[in-house]
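In what follows, a single structure is set out as structure tokens and then discussed.
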Amino acid sequence: MSGRHTITVTVNGRAYTREVAPRLLLADFLREELGLTGTHVGCEHGICGACTVLIDGDSARSCLTLAVQCDGAEVGTIEGLGRVADLGRLQQAFREHHALQCGFCTAGMLITVTDLLAKYPLASEADIREGLSGNLCRCTGYENIVRAVQDLVAAREADPA
Amino acid sequence: MSETQRPKSVGARVQRLEDPRLLAGRGRFTDDHRAPDTLHLAFRRSEEAHARILAIDTATAAAMPGVVAVFTAADLAGEIRPVRAESRMRDYYATEFVALATNKVRYVGEAIAVVAAESRYLAEDAAAEIEVDFESLPPLGDTDAALAEGAALLHEEAASNVIARREFARGEVEEAFFAAPHRVGGRFRMHRKTPAAIENRAYRAEFDPGRGHLTVHSATQVPGLIRDALAEILDLPGSRLRVVAGDVGGGFGGKASLYPEEVVVAALARRLEATVKWTGDRLEDLTTTSQAFDEVVEAELAFDGAGRLLGLTAEVVGDVGAYSIYPWTASLEPVQVISFLPGPYRLPAYRGAVRAVATNKPPMGPYRGVGRPVSVFVMERLIDMAASKLGLDPVEMRRRNLVAADEFPYRAGSGLMWDRSGFHECLEAAVAEIDYAGRRAAQSAGPGADGRLIGIGVASYAELTGIGSRISAAPGMPINTGTETATIQLDSTGAVRAAFGIASHGQGLETTLAQVIADELGVAPDAVEIVQGDSAAVPHGTGTYASRSTVLAGGAAILSARGLRERIVQVAALLFEAAADDVEITDGIVAVAGTDRRMSFRELAKAFYSEMGRLPREVRDELALEVTRVYDPFFGTTTSATHIAVVAVDPETCEVEVLDYAVAEDCGRVINPAIVDGQVHGGVAQGIGAALFEEVRHDADGQCLTGSFVDYVVPSAAEIPAISVTHVESVLPATEGGFRGMGEGGTIGATGAIANAVTDALRPLDIDIMELPVTPERLFRLIQNAKINAKTKERDET
Ligand code: FES
Ligand code: FES
């Protein structure tokens, strides 16, 4: 348990070098060490998806990942998707569709949706629901999240940028 | 003018004002705050369900790296004054609120000792090293064990494990049953459920030793109630004690009670003169947050050949766990089950009795719907059983029995009074929305190509929302939950700020209240700053629970905003030297009608507060631009709905898929349709969870078998169907603004709709769903038994 490691992790395009304990979770690294508290922790055992981040372009559970595993990696979090005064496309779609209530699952949802949109056709509502099934939301009943994603899929077809 | 001015914002799908911060990762949840010297707590919890504590050894833990202090109940004896969840109810025993267990533990997970350390990792390391010597006592794993002859007593001073009893009776029940040509009934079982908000419970307290001020940041729904409780427990005046609920990640009732960790965090911040924090993990949530719905209901319904209801009886046993939860009491849910069992129906005779039984499980507390998901499950099953016995369609059965428009106000069998609400209108709207006739026709064509059986389930219900001061939200609770205060001001910069005692935790109240005020005042919603979730905002507040906030805070918002508007108009009239009647306010601009004389709120505020000589000096006092009003609806109002679910049951895999779901509800005037729909969607999803997936299981020794999200199944997007919501505005209720509460209804209706739909699907197998959740395992057993029964019957007949 002893011994600290120096790691460099790029988060939302900015490189951070820190000395960390080997058992430090990536979620705690982001929240405690970097103060990026947009990423939330809901279960710490890989089921709820609240802690989802992008690691080198793939979505991953930051509660099941050690910070030291991310040495040299590129990590993407909710803070990288847009600012309060300048929301990104996904964030706006969620707002327009009322796809969040308490907002606690939202960081993980947005990152998962980023990943899904980048990789999958999401041709049917069932595909979208399947894609979202690794992220629990207790407030919305998923209805409006699905509608927001449908909208984003349509927008992607129209403008595949 | 303008009292009659058409509202612009109320009724519109205004985008939520709280969203940008939440979407950008800039919310402020309790665990988000970072301060360098924070001490982190970890609790040593009991692994025994029922045991005497013989000794606690904290020496090893105290010597571990980063540990600042370790405390047991004995160490905190002087700091934590005892409280109990009092009630004026007869036949009720109030157990003591226990922060850290003293001589006995009563459920697995109960906190025994606490470590304060420099990090959570180190605190948890040390907590694991605290040794506790137990003498095991016989575990009361369920109500049967607790009610058995000679059972051990959970609370010796109570002299019984039954800690509350209540009975409601109306009409001649025996006679009704004696004379009734038909009866249906049976033993219904609903299993334990937990709220499982995605944000776990969390508390952080800061102490300012110089001023003796304690600020508790709490992931709570009820900062006002917690402030009042802590003032008593810590013996502090409210002026030096503030409870703040920042952004809260869902509650559903699970964050509406006082918790041991909350008290310990507050007490230790003061004791250690430091910032102290505890954030629970999911295991702690699943084993220590209040749970619900753990009831057995033996019920019987009498009716005549035309399907008219004649009488209803019910015996309810509620498993309320180890303690009577503060402040709601252990009677809250079980009593609500019998209060609401008669439902929205015309029912001449009723008797409902309930016993709340203490067991070695975590305390039962409020959970979305509070008892009513159980009542609705039972009553709606009974209605369908009766319909089936008479060969009537379930919808027709309801048409014949729902209280009709001309019968309101209607007193239900339990004494509840229903004011006019769209009982029939909701039924018809849901029937139309789901194309009920079409579905039935399709269903009669037989199972689909995949062999799945299709079922359609209907559930109608009524609930009381926005309850005023006439009754407390919990039976006999000596705390007023029926008023709400709003203070609204125009400050010297011209900004509008309105403060409330409610505490939004996902409901979007910052938006809906701003909409209400915007219309009254003549400004845009985003020009109104809503202050809530802070006990310092108003002198008395409780929080957000029991579908109260829109009705109560909405009413207070209207009254206070109207008062402020009047003063602004009068000030403007003086400044313009015009008649008050000619002053109008639009988009934050005050003007004299038909002239070009106009000024902004900012200019008006400057003239009022800062520009000496513009107004007679007494005006600053007489027309002070701050208004406080208290709203008390006194009675509540009736929210009603009908839910219709369509399910497919696979008799091979025993899986139930919800194909379609329609809700038609009457929540009075809708402030923001997007938000109302969202509340219904979320409520239905939790009700589907309760009906099909979610179950807190304990073994006979009281060990929790569902301590993670692997074992406690929260439905995901793949299990929840598209949900359609239809708003029915029958007649607006007498509440200020015409609002009815609607935060819980989604959950209330879903248990009955799903249970009826699954039963309907299984009609070919002659199976009645009497137990929820109907998991694949339960369904498998039901189908096996049905097959055996069918065979026996066949054999007997041949
Ligand atoms: S916190 Fe990582 S999956 Fe739940
Ligand atoms: S919005 Fe609350 S958990 Fe998803």
Review point. Would you pick out the residues in the stretch B:192-211 that are open to solvent by less than 10 Å² (accessible area, probe 1.4 Å), away from ligand 2 (no atom under 16 Å from the Cβ) and either of a type outside the set (Lys, Arg) or within 14 Å of another protein chain (Cβ to nearest Cβ) (or both)?
Key: B:193, B:203, B:205
Point to revise | Subset of the stretch A:38-52 (residues that are open to solvent by less than 10 Å² (accessible area, probe 1.4 Å) and either within 6 Å of ligand 1 (Cβ to nearest atom) or on the phi > 0 side of the Ramachandran plot (or both)) | key: A:42, A:43, A:48, A:49, A:50, A:51
Point to revise | Some residue of the stretch B:280-298 being open to solvent by less than 10 Å² (accessible area, probe 1.4 Å), touching a helix residue (DSSP H, G or I) at 6+ places or on another chain (Cβ under 9 Å), charged (D, E, K, R) and not assigned by TED's automatic domain parsing to the domain that holds residue B:548 | key: yes
Review point. Would a scan of the stretch B:174-186 turn up a residue that is within 14 Å of another protein chain (Cβ to nearest Cβ), in a loop (DSSP other than H, G, I, E, B) and out of contact with any His (no Cβ under 7 Å at 6 or more places or on another chain)?
Key: no
Exercise for review: Kindly provide the set of residues from the stretch A:129-140 that are under 19 Å from residue B:659 (Cβ atoms) and either open to solvent by less than 10 Å² (accessible area, probe 1.4 Å) or not assigned by TED's automatic domain parsing to the domain that holds residue A:116 (or both), ordered by number.
Suggested key: A:132
Point to revise | Verdict on residue B:111 being touching a Pro at 6+ places or on another chain (Cβ under 7 Å) and not basic (Lys, Arg) | key: yes
Review point. Of the residues in the stretch B:241-279, how many are away from ligand 2 (no atom under 16 Å from the Cβ), touching a helix residue (DSSP H, G or I) at 6+ places or on another chain (Cβ under 9 Å) and either under 14 Å from residue B:31 (Cβ atoms) or not in a loop (DSSP other than H, G, I, E, B) (or both)?
Key: 18
Exercise for review: Report yes if some residue within the stretch A:67-78 is surrounded by 21 or more Cβ atoms within 10 Å (Cβ to Cβ), at the interface with chain B (Cβ under 8 Å from one of its Cβ atoms) and modelled with pLDDT of 95 or more; otherwise report no.
Suggested key: yes
Practice item. Confirm whether residue B:453 is open to solvent by 10 Å² or more (accessible area, probe 1.4 Å), touching a residue at least 40 places away in the same chain (Cβ under 8 Å), in contact with a Lys or Arg (Cβ under 9 Å, 6 or more places away or on another chain) and of a type in the set (A, V, I, L, M, F, W, C). Key: yes
Review point. Residue check, residue A:116 against (1) more than 21 Å from residue B:17 (Cα to Cα); (2) within 13 Å of ligand 1 (Cβ to nearest atom); (3) of a type outside the set (Phe, Trp, Tyr), all met but one. Which one?
Key: (2)
Check your understanding: Is it fair to say residue B:311 is more than 27 Å from the chain's Cα centre (by Cα) and crowded, with 24+ Cβ neighbours inside 10 Å?
Key -> yes
**Study point:** Output for the stretch B:481-504, where each listed residue is within 13 Å of residue B:534 (Cβ to Cβ), in contact (Cβ under 8 Å) with a residue 40 or more places away in the chain and either touching an Asp or Glu at 6+ places or on another chain (Cβ under 8 Å) or within 14 Å of another protein chain (Cβ to nearest Cβ) (or both)
**Key:** B:487, B:498, B:500, B:501, B:502, B:503, B:504
Check your understanding: Considering the stretch A:24-35 alone, what residues qualify as being at the interface with chain B (Cβ under 9 Å from one of its Cβ atoms) and within 16 Å of ligand 1 (Cβ to nearest atom)?
Key -> A:24, A:28, A:31, A:32
Practice item. Please indicate, with yes or no, whether at least one residue in the stretch A:141-153 is open to solvent by 10 Å² or more (accessible area, probe 1.4 Å), of a type in the set (Ser, Thr, Tyr) and either within 12 Å of ligand 2 (Cβ to nearest atom) or not assigned by TED's automatic domain parsing to the domain that holds residue A:33 (or both). Key: no
Point to revise | All positions within the stretch B:17-52 that are more than 10 Å from chain A (Cβ to nearest Cβ), of a type outside the set (Lys, Arg), in contact with an Asp or Glu (Cβ under 7 Å, 6 or more places away or on another chain) and more than 19 Å from residue B:272 (Cβ to Cβ) | key: B:17, B:46, B:49, B:51
Exercise for review: Pick out, from the stretch B:20-114, the strands (runs of 3 or more DSSP E) lying fully within it that include 3 or more residues that are within 21 Å of residue B:274 (Cβ to Cβ).
Suggested key: B:39-45, B:67-72
Check your understanding: With respect to residue B:546, is the statement that it is farther than 28 Å from residue B:638 by Cα, assigned to a loop (DSSP other than H, G, I, E, B), among the small types (Gly, Ala, Ser) and not assigned by TED's automatic domain parsing to the domain that holds residue B:739 true?
Key -> no
Check your understanding: Within the group B:262, B:273, which residue is away from chain A (no Cβ under 14 Å), on the phi > 0 side of the Ramachandran plot and charged (D, E, K, R)?
Key -> B:273
Check your understanding: Has the stretch A:86-95 got any residue that is surrounded by fewer than 22 Cβ atoms within 10 Å (Cβ to Cβ), over 11 Å from residue A:149 (Cα atoms) and within 16 Å of ligand 2 (Cβ to nearest atom)?
Key -> yes
Check your understanding: For residue B:339, are the conditions met, namely being under 23 Å from the mean Cα position of the chain (by Cα) and either more than 29 Å from residue B:94 (Cβ to Cβ) or assigned to a loop (DSSP other than H, G, I, E, B) (or both)?
Key -> no
Review point. Quick check: is even one residue across the stretch B:187-203 outside any strand (DSSP E or B), of a type in the set (Gly, Ala, Ser) and free of Cβ contacts under 8 Å to residues at least 24 places away in the same chain?
Key: no
Exercise for review: Could you look through the stretch B:715-733, keep only residues that are over 18 Å from residue B:645 (Cα atoms) and surrounded by fewer than 21 Cβ atoms within 10 Å (Cβ to Cβ), and pick out the one that is farthest from the other protein chains (Cβ to nearest Cβ)?
Suggested key: B:731
Point to revise | Qualifying positions in the stretch A:26-37 - in contact with a helix residue (DSSP H, G or I) (Cβ under 7 Å, 6 or more places away or on another chain) and either exposed (fewer than 15 other Cβ atoms within 10 Å of the Cβ) or touching a residue at least 24 places away in the same chain (Cβ under 8 Å) (or both) | key: A:26, A:29, A:36
Point to revise | Residue, farthest from ligand 2 (Cβ to nearest atom), within the stretch A:33-78, restricted to residues that are assigned to a strand (DSSP E or B) and charged (D, E, K, R) | key: A:74
Check your understanding: If only one of B:476, B:451, B:415, B:446 is over 21 Å from the mean Cα position of the chain (by Cα), of a type outside the set (A, V, I, L, M) and closer than 30 Å to residue B:258 by Cβ, which one is it?
Key -> B:415
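The values are calculated or read from the model by the stated rules, or taken from the named source; none is laboratory data. Bear in mind the structure is a predicted one, so any value in this text is a computation, not a measurement. Note that each Cβ is placed from the backbone with ideal geometry, even for glycine, and that neighbours are counted across all protein chains shown. Surface areas here come from the heavy atoms of the whole protein model, side chains and all, with no ligands, DNA or RNA. Shrake-Rupley method; radii C 1.70, N 1.55, O 1.52, S 1.80 Å.
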